[in-house]
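The values are calculated or read from the model by the stated rules, or taken from the named source; none is laboratory data. Here the structure is a predicted model, which is why all the values come from computation and not from measurement. Note that each Cβ is placed from the backbone with ideal geometry, even for glycine, and that neighbours are counted across all protein chains shown. When the accessible area is computed, the model is the full protein with side chains, heavy atoms only, and any ligands, DNA or RNA have been set aside. Shrake-Rupley method; radii C 1.70, N 1.55, O 1.52, S 1.80 Å.
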Amino acid sequence: MTQQGAVLQGYNNELVKCIEDLCMQKQELTKQIQQAEEERNKLQHEIQVLNEELQRVCENLAQKVASRNELDKILAETEAAYMKILDSSRTLLNVLKKEVGNLKHTPELKTN
């Protein structure tokens with residue numbers, strides 16, 4: 001019976017060692033899970049911060065694009081008006097040259 005008790009004691013010792021090993025594995029896995037959860041939470045917070053920053057940048061960009069579009073419109077209108085002024089100036093100059101030319105052909109203005 002002593003031998004059977006010794007064998008049983010050996011089994012018991014191995015069983016206790018296996019249970020202890022499993023408990024250590026569980027503790028290590030629990031530690032890894034906690035670290036992964038902390039990392040996940042940290043990344044989720046960073047994502048939230050980046051999403052908020054992205055929203056601000058997008059709003060700012062939209063305002064700048066709208067301002068640029070308005071400036072493009074103003075610039076196009078100004079250039080068109082300036083081209084009309086140039087065209088009117090050219091027409092005025094041509095009319096003036098023609099009138100001066102006509103005046104030179106009148107006998108009263110001919111110089112000798």
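Below are the figures for this structure:
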read-out	value
Flag for Gln3 being out of contact with any helix residue (DSSP H, G or I) (no Cβ under 9 Å at 6 or more places or on another chain), assigned to a helix (DSSP H, G or I) and loosely packed, with under 10 Cβ neighbours inside 10 Å	yes
Condition met for Leu43 (without any contact (Cβ under 8 Å) to a residue 60 or more places away in the chain and open to solvent by 100 Å² or more (accessible area, probe 1.4 Å))	no
Lone unmet requirement of (1) of a type in the set (D, E, K, R); (2) under 51 Å from the mean Cα position of the chain (by Cα); (3) open to solvent by less than 100 Å² (accessible area, probe 1.4 Å) for Arg68	(3)
